[in-house]
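The values are calculated or read from the model by the stated rules, or taken from the named source; none is laboratory data. Remember, it's a predicted structure, so these values are computed and weren't measured experimentally. Note: ideal-geometry Cβ built from the backbone for every residue, glycine included; neighbour counts use all protein chains shown.
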Ligand SMILES: C[S@@+](CC[C@H](N)C(=O)[O-])C[C@H]1O[C@@H](n2cnc3c(N)ncnc32)[C@H](O)[C@@H]1O
């Protein structure tokens, strides 16, 4: 066989192996750490509408618990003027978010960090899609740190004390989770 054929076969095998390894890493991370559901396309369409309605001139957007970057990359695509930040405490998810950002050429800031250590003093918009038990302490942090008038959108889970100015049901009831894929819109007092 021609040496060129060997080179092509080797390259294809290498690419295939890389994909298999990446797939296994994602699956293992998802299995072990869970809470890995990305925001749906449908909910993101509503999220874009909410931002356009309430904060079209915002400068800084944060996704707290950004996972593999689904929301941060979409928001950067829709609002190129925004500075978009994503933090997640999973190094694997941040690695994939950075890889996707590089491949798509989207300039977003991503960091492996606990959301409770993320400085939100310059945030105009905060988005979260987090498990229910994180919402009471997160509400306290946002109350203490966010500036007045900041827009906060939570997906599925909501805050115990803050009252939403709007509630958008983006999905028909398909799971037992209360308010699954419902967006709660808050304006910080
Ligand atoms: C349901 S996923 C949402 C991902 C993304 N925001 C989206 O909507 O597509 C929740 C993410 O929050 C992250 N997370 C949960 N608790 C966290 C914490 N205390 N600090 C940072 N990230 C956290 C999880 O690792 C997970 O990736």
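Which numbered condition in (1) over 18 Å from the mean Cα position of the chain (by Cα); (2) modelled with pLDDT of 95 or more; (3) more than 22 Å from residue 153 (Cβ to Cβ) is the only one that residue 32 fails?
Tallying (1) over 18 Å from the mean Cα position of the chain (by Cα); (2) modelled with pLDDT of 95 or more; (3) more than 22 Å from residue 153 (Cβ to Cβ), residue 32 fails exactly one: (2).
Can you say whether residue 82 is surrounded by fewer than 18 Cβ atoms within 10 Å (Cβ to Cβ) and either over 16 Å from residue 155 (Cβ atoms) or not assigned by TED's automatic domain parsing to the domain that holds residue 114 (or both), as far as the supplied structure shows?
On the way: surrounded by fewer than 18 Cβ atoms within 10 Å (Cβ to Cβ): no; either over 16 Å from residue 155 (Cβ atoms) or not assigned by TED's automatic domain parsing to the domain that holds residue 114 (or both): yes.
Taking the combined requirement at face value, the residue does not satisfy it.
Scan region 117-132 residue by residue and report those that are surrounded by 13 or more Cβ atoms within 10 Å (Cβ to Cβ) and under 16 Å from residue 88 (Cα atoms).
Across region 117-132, the qualifying residues are 118, 120, 126, 127, 128, 129, 130.
Could you say which residue among 29, 88 is outside the structural domain of residue 126 (by TED's automatic domain parsing) and touching a residue at least 24 places away in the same chain (Cβ under 8 Å)?
Values: 88 fails: outside the structural domain of residue 126 (by TED's automatic domain parsing).
Among 29, 88, only 29 is outside the structural domain of residue 126 (by TED's automatic domain parsing) and touching a residue at least 24 places away in the same chain (Cβ under 8 Å).
Do you know which residues across region 143-163 are within 19 Å of residue 45 (Cα to Cα) and part of a loop (DSSP other than H, G, I, E, B)? Don't jump to the end; show me each part of the working.
We begin by selecting, within region 143-163, every residue within 19 Å of residue 45 (Cα to Cα); these are 151-157.
Residues satisfying the conditions are 156, 157.
From the list 104, 130, pick out the single residue that is touching a helix residue (DSSP H, G or I) at 6+ places or on another chain (Cβ under 9 Å), within 21 Å of residue 26 (Cβ to Cβ), in the same structural domain as residue 170 (by TED's automatic domain parsing) and away from the ligand (no atom under 14 Å from the Cβ). Steps first, please.
Values: 130 fails: away from the ligand (no atom under 14 Å from the Cβ).
Among 104, 130, only 104 is touching a helix residue (DSSP H, G or I) at 6+ places or on another chain (Cβ under 9 Å), within 21 Å of residue 26 (Cβ to Cβ), in the same structural domain as residue 170 (by TED's automatic domain parsing) and away from the ligand (no atom under 14 Å from the Cβ).
Do we find a residue being more than 20 Å from residue 154 (Cβ to Cβ) and exposed (fewer than 11 other Cβ atoms within 10 Å of the Cβ) anywhere in region 68-78?
No, region 68-78 contains no residue that is more than 20 Å from residue 154 (Cβ to Cβ) and exposed (fewer than 11 other Cβ atoms within 10 Å of the Cβ).
Quick one: which of 175, 118, 156, 182 is assigned by TED's automatic domain parsing to the domain that holds residue 89 and either closer than 21 Å to residue 52 by Cβ or touching a residue at least 60 places away in the same chain (Cβ under 8 Å) (or both)? It would help to see each step written out before you state the result.
On the way: 175 fails: either closer than 21 Å to residue 52 by Cβ or touching a residue at least 60 places away in the same chain (Cβ under 8 Å) (or both); 118 fails: either closer than 21 Å to residue 52 by Cβ or touching a residue at least 60 places away in the same chain (Cβ under 8 Å) (or both); 156 fails: either closer than 21 Å to residue 52 by Cβ or touching a residue at least 60 places away in the same chain (Cβ under 8 Å) (or both).
Just one listed residue meets the conditions, 182.
Report, by residue number, each residue of region 56-98 that is over 27 Å from residue 27 (Cβ atoms) and modelled with pLDDT under 95.
Scanning region 56-98 gives 56, 57.
Which residue out of 88, 63, 114 is surrounded by fewer than 17 Cβ atoms within 10 Å (Cβ to Cβ), closer than 20 Å to residue 33 by Cα and within 11 Å of the ligand (Cβ to nearest atom)?
Details: 88 fails: surrounded by fewer than 17 Cβ atoms within 10 Å (Cβ to Cβ); 63 fails: surrounded by fewer than 17 Cβ atoms within 10 Å (Cβ to Cβ).
Just a single option satisfies the conditions, and that option is 114.
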